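Only one structure is covered here, and it is reproduced in the block below.
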Amino acid sequence: MKADFPVSTTTATELLRVDGIAKRFGEFSALSGIDLTVRKGEFLCLLGPSGCGKTTLLRIIAGLEVPTAGSLQLNQRDVTRLPPSERDYGIVFQSYALFPNLNVADNIAYGLKGRREDKLRRVNELLDLIGLAGIDAKFPAQLSGGQQQRVALARALATSPGLLLLDEPLSALDARVREHLRREIKALQQKLGVTTIMVTHDQEEALTMADRIVVMNHGVIEQVGTPEEIYAQPASRFVADFVGQSNWIDATFSAEAGVQVNQLGIALQTLPALAVGQRELSLFIRPEDIELHAHWEGGAMGEANTALGDIEKIELLGGFYRLGINVPLWGNLRLNVDVSRSTYQRMRLSPERRVPLTLPADKLRAFSKADAAFGAKALA
Amino acid sequence: MIAVLQALGVPGFAAAQPPVERSQRVAGVLAWGAALLLLAFLALPLVAILGKAVTNQQGGFVGIDQFVEIAGGAHFWHAVANSMAVSVTSAIIVLPLAYVFATALTRTCMPLKPLFRGLALIPLLAPSLLPGIALVYLFGNQGVLKGWFPDGGIYGFWGIVIAEVFYTFPHALMILITALSVADARLYEAASALGAGPVRRLFTVTLPAARYGLISAALVVFTLVIVDFGAPKVIGGQYNVLAVEAYKQVIGQQNFPKGAVIGLLLLLPAVFSFIVDAVLQKRQRALLTARAQPLVPQPQRWVDGLSMLACSAISAGLLLIIGTAIAAAFIKLWPYNLAPTLAHFDFDNMDGGGWLAFRNSLKLAGITALAGTVLVFTGAYLAEKTQAAPLARQLIRLFAMLPMAVPGLVLGLGYIFFFNDPHNPLHVVYGTLAILVLCSVAHFYTTAHLTAVTALKQLDGEFEAVAASLKVPFWTTAWRVTLPVCLPAVLEVARYFFVSAMTTVSAVIFLYTPDTVLASVAVLNMDDAGDTAAAAGMAALIVGTSALVCLLFGLLSWLLQRRTQAWRRR
């Protein structure tokens with residue numbers, strides 16, 4: 001095929017393009033083949049367990065580490081070899097790195113240039129923005145963790161950078177403050193429309209704050225998607241396990257019998273295309289997606305993915321109950337099932353009760369048992 | 001080594017460096033400047049001493065002939081045996097004393113701890129010649145307690161040992177305090193819960209945790225003693241030791257090659273203990289976990305009482321020695337006429353350099369404190385906080401550790417050999433006060449550098465990254481943030497340089513001229529000339545000046561803490 005005009009894959013809405021970035025530390029490969037585009041104005045989360053390479057990727061974007069291979073384009077400008085000061089971003093570190101001997105106003109004004117009055121105005125503007133007007137004369141040591149965090153954010157935003165980088169900005173705070181700040185940072189980001197990349201290992205943080213989530217593991221991207229996609233349609237075993245709770249069910253597949261659990265047929269809405277030839281499968285379902293019934297509603301056991309289960313364990317986890325249910329029909333399969341408190345009370349659930357349950361065909365997903373990565377590709 | 005290869009960008013070793021800021025080029029130039037300074041005034045003089053050791057007095061290359069010749073003489077082995085004997089004996093005596101003192105300070109509820117701590121550190125304010133002089137007054141031929149060492153018995157082995165015990169005590173004490181203050185209370189609780197009594201706890205918890213500190217302290221004492229010539233020179237009499245032998249060869253007989261050979265031999269124990277210490281330091285770190293609970297000593301009447309008794313006895317010993325020297329300076333004719341007098345301070349009418357020596361010393365100490373602090377902090381900052389010129393930064397780190405392993409005597413010899421050479425373009429500094437300053441800075445570089453590095457490392461490592469993201473050049477951050485936060489450490493380094501330059505004899509003894517004679521050198525010369533009272537006077541003057549400067553710096557530091565209280569509060 002011949003192109004009549006230069007084909008540009010970049011679009012106006014694209015701010016950052018990461019092309020085949022790799023990073024090796026001696027024999028250890030911290031990142032390999034990372035491709036990613038970040039759209040203008042979006043809130044992107046890099047999510048993964050510690051050591052997955054998410055912080056290394058952020059530091060490469062910031063120019064604090066140099067990649068072994070690949071390139072970075074910021075605003076359609078190649079910045080791979082540019083030092084931090086010649087890129088255009090603000091950064092908030094996990095430690096906040098507030099200058100201890102400068103007061104809040106001086107910290108925020110640190111990167112500002114120009115006349116004194118202009119600086120002062122900008123500082124007050126930012127203090128209003130973060131909801132901390134009037135603390136400008138205090139020193140970082142006199143502030144609470146949450147306040148320090150917001151001052152660090154104001155300092156990073158002071159020069160109106162095109163990109164905001166957040167390196168685990170909430171992990172040093174206690175749970176309540178963290179939850180509050182999550183909302184606040186998100187609201188601030190939306191108000192300013194500043195493109196933001198945040199590194200976190202906390203899936204809840206990623207799910208609540210991000211427009212899109214990049215799930216990483218062992219230096220590669222496992223999946224990129226909206227929080228809903230990541231949660232409801234995990235592309236790999238790793239993503240399914242890392243984000244949210246999951247049940248794993250051993251199953252087999254054959255062309256004649258289809259998918260079977262303990263030699264009983266199970267219906268799946270999306271059958272794995274490449275599962276043909278795969279004898280062993282793992283079926284995945286979220287605990288809250290399993291349906292419990294008050295009564296047996298007729299039909300044979302095992303039909304329509306329905307079977308009887310024995311409640312073995314009940315845990316109250318705040319807003320809901322987690323039941324441990326044993327299903328003899330599927331080879332004494334242990335399932336975790338989440339039910340709301342109201343459902344729990346309405347159904348009068350109690351230990352050692354026998355209860356009919358259904359695995360909805362549209363909520364079940366199949367993964368190759370042997371190789372999680374293969375399963376991800378097969379189902380994508 | 002690998003780090004140097006990486007820094008050179010040798011293929012296969014090249015580590016990818018982050019892109020360097022434009023402003024960092026300035027840092028690169030500065031780093032090279034610092035590295036070259038350290039090369040010229042530290043590394044090259046040491047190379048020179050090696051070169052001198054393998055050439056004869058006419059300048060011809062003779063290889064290891066001189067080593068063989070010196071090693072062949074019974075005289076030499078006699079000096080080696082004597083040096084070993086005093087060093088080992090001093091270590092054996094200092095260690096238990098310092099251990100008891102350190103335990104009392106760190107593990108008991110003994111009252112007056114700050115006072116005892118201060119008293120124990122007093123020997124640091126004095127040149128190593130002072131205890132020798134004091135011993136002469138106490139136990140010498142005219143000594144008040146000469147019955148304790150009849151027939152001049154103090155002049156020799158025991159005199160040297162007692163003087164060295166005084167001189168090395170605070171060094172051992174500081175190491176042991178550090179080692180003993182890192183106790184993990186949980187280990188003691190666990191041991192007690194498992195039924196271990198005090199003796200078992202000592203052998204299973206305390207000593208294993210402190211053993212690296214003990215070894216380190218023993219090595220430091222051993223090295224300090226074996227390379228010190230101040231005490232043996234004053235009180236050693238006919239008891240010949242290696243350090244004095246090197247001094248005599250160079251100063252007395254102008255036999256530079258022979259001096260170089262002995263100097264190199266003295267380098268061996270110093271390098272050995274430096275390496276052992278470096279290895280131990282690494283292990284020591286592994287003992288400490290971040291979750292360790294600090295041990296809070298509980299009052300125990302008997303233990304606290306006995307500790308106080310022991311500390312009082314040791315402090316009394318130290319005070320007796322320093323007090324004797326000071327008292328002797330103000331007494332007309334010890335011990336026959338005890339009338340007070342200031343006659344011994346009439347230095348200008350005595351041999352040794354007079355008041356000029358004291359003025360020179362003040363000048364030297366002041367300039368050393370200023371220049372040393374600037375160089376040390378610049379070097380440490382560049383090495384720790386900047387990215388440009390990786391090779392230069394690696395060299396700074398390497399050179400900074402060198403002086404620790406090099407006795408002052410050896411450094412001084414290296415300086416003569418290197419700068420005395422008329423072909424050396426740096427020859428112009430020879431015989432000036434400048435060379436004394438340079439030598440003093442180099443001599444005390446390591447401790448100062450480590451203090452600076454420790455302070456810098458306590459700063460958040462992301463400050464520079466934040467500043468770069470805000471497009472602020474590094475020097476702005478260095479000036480506005482790094483320096484103000486590190487100011488207490490800056491003061492500490494300056495104080496250390498001042499007091500060290502004021503009291504040192506070992507390196508500068510080879511480098512002074514009649515115009516640049518120093519107070520500590522004057523002590524030695526006046527003692528040599530028989531003006532022991534004047535020597536005591538000058539030594540007392542040095543102690544007084546050092547003490548005053550320490551007080552001044554303490555006051556400055558206190559004022560600083562008060563002014564910066566708002567942001568230093570945690």
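The values are calculated or read from the model by the stated rules, or taken from the named source; none is laboratory data. Since this is a predicted model, take the numbers as computed values, not measurements. We place every Cβ from the backbone using ideal geometry, glycine too, and count neighbours over all the protein chains shown. When the accessible area is computed, the model is the full protein with side chains, heavy atoms only, and any ligands, DNA or RNA have been set aside. Shrake-Rupley method; radii C 1.70, N 1.55, O 1.52, S 1.80 Å.
Among A:D202, B:D346, the sequence by solvent-accessible area, most first, with a 1.4 Å probe is B:D346, A:D202.
Taking a Cβ cut-off of under 11 Å around B:Y247, the surrounding Lys, Arg, Asp and Glu residues balance to a net charge of 0, with basic ones at +1 and acidic ones at -1.
With all protein chains kept in place, the per residue accessible area of segment A:14-237 amounts to 39 square angstrom at a probe of 1.4 angstrom.
For the protein assembly as shown, the dipole from Cβ point charges (+1 on Lys and Arg, -1 on Asp and Glu) about the Cα centre works out to 1340 debye, to the nearest 20.
A simple spin-label model places the labels of B:T454 and B:R186 2.5 nm from each other, with each point 7 Å out along Cα-to-Cβ. Computed about the Cα centre, the dipole magnitude for segment A:14-237 is approximately 540 debye when only Lys and Arg (+1) and Asp and Glu (-1) carry charge, each at its Cβ.
Computed from the Cβ-Cβ distance with R0 of 22 Å, the FRET efficiency linking A:K113 to B:R563 stands at 0.15. When peptides B:464-470, A:56-62 are sorted by average Cβ neighbour count within 10 Å, with the highest value leading, the order is B:464-470, A:56-62.
Calculated FRET efficiency, B:L115 to A:A255, Cβ-Cβ distance, R0 = 60 Å: about 0.10 to the nearest 0.05.
Mean separation of Cα pairs under 8 Å and 6 or more residues apart, divided by the residue count, gives segment A:14-237 a relative contact order of 28 percent.
For segment B:317-333 and segment B:494-570, what is the centre-to-centre distance using only Cα atoms, to the nearest Å? Segment B:317-333 and segment B:494-570 have Cα centres separated by 18 Å.
Exceedance of the 30 Å cut-off in Cα-Cα distance is limited, within the set A:K54/A:K119; A:K113/A:K191; B:K113/B:K146; B:K113/B:K332, to A:K54/A:K119; B:K113/B:K146; B:K113/B:K332. Legend: calculated FRET efficiency, B:V144 to B:W475, from the Cβ-Cβ distance at R0 = 51 Å, rounded to 0.05, equals 0.25. Overall dimensions of the protein assembly as shown, expressed as equivalent-ellipsoid semi-axes from the Cα gyration tensor (√(5λ), whole Å, largest first), are 70, 33, 28. Amide H contacts for A:N217 (H built 1.01 Å from N in the peptide plane; partners 5 or more residues away or on another chain; cut-off under 5 Å): A:E222. Here chain B is assigned +1 on the Cβ of each Lys and Arg and -1 on the Cβ of each Asp and Glu. Its dipole about the Cα centre then comes out at about 2120 debye.
Here's the picture: charge each Lys and Arg Cβ at +1 and each Asp and Glu Cβ at -1 in the protein assembly as shown, and of A:N262, B:A91, A:G162 the one pushed furthest to the positive end of that dipole is A:G162. Farthest towards the positive end of the charge dipole of segment A:14-237, among the residues A:Q73, A:H201, A:G20, is the Cα of A:Q73, using unit charges on the Cβ of Lys, Arg, Asp and Glu. Rounded to the nearest 5, what % of DSSP beta bridges with both residues in the protein assembly as shown are antiparallel? The answer is about 75 percent antiparallel. Farthest towards the positive end of the charge dipole of the protein assembly as shown, among the residues B:Y167, B:F256, A:A251, is the Cα of B:Y167, using unit charges on the Cβ of Lys, Arg, Asp and Glu. A simple count of charges around A:R353, restricted to other residues whose Cβ falls under 15 Å of its Cβ and scoring Lys, Arg +1 and Asp, Glu -1, yields +1.
The local environment of B:A79, defined by Cβ-Cβ distances under 15 Å, has a net charge of 0 under the rule Lys, Arg +1 and Asp, Glu -1. Give the distance, in whole Å, between the Cα centre of segment B:425-470 and the Cα centre of segment A:99-138. First find each Cα centre; the distance between them is then 34 Å. Relative to the longest principal axis of the Cα atoms of chain A, the long axis of helix A:175-192 lies at roughly 60 degrees.
In percent, rounded to a whole number, the relative contact order of chain B is 23, using alpha-carbon pairs under 8 Å and six or more apart.
For the peptide A:83-90, the mean number of other protein chain Cβ atoms found within 10 angstrom of a residue's Cβ is 6.
Label sites at A:S95 and A:A294, each approximated as a point 7 angstrom past Cα along Cα to Cβ, lie 6.0 nm apart. Estimated from helical segments only, the mean residue ellipticity of chain A at 222 nm is -7000 deg cm²/dmol, where each DSSP H run of four or more residues counts as -39500 (n - 2.57). Between A:G134, A:G70, A:G309, find the one with the highest GNM mean-square fluctuation for chain A; connect C-alpha pairs within less than 10 Å. Highest fluctuation among the options: A:G134. Chains B and A: what accessible area do they bury, summed, in square angstrom to the nearest 100, with a 1.4 Å probe? Approximately 2700 Å², summed over both chains. Within chain B, what whole-number % of the accessible surface is contributed by carbon and sulfur, with the 1.4 Å probe and all protein chains included in the calculation? Carbon-and-sulfur percentage of accessible area, whole number: 67.
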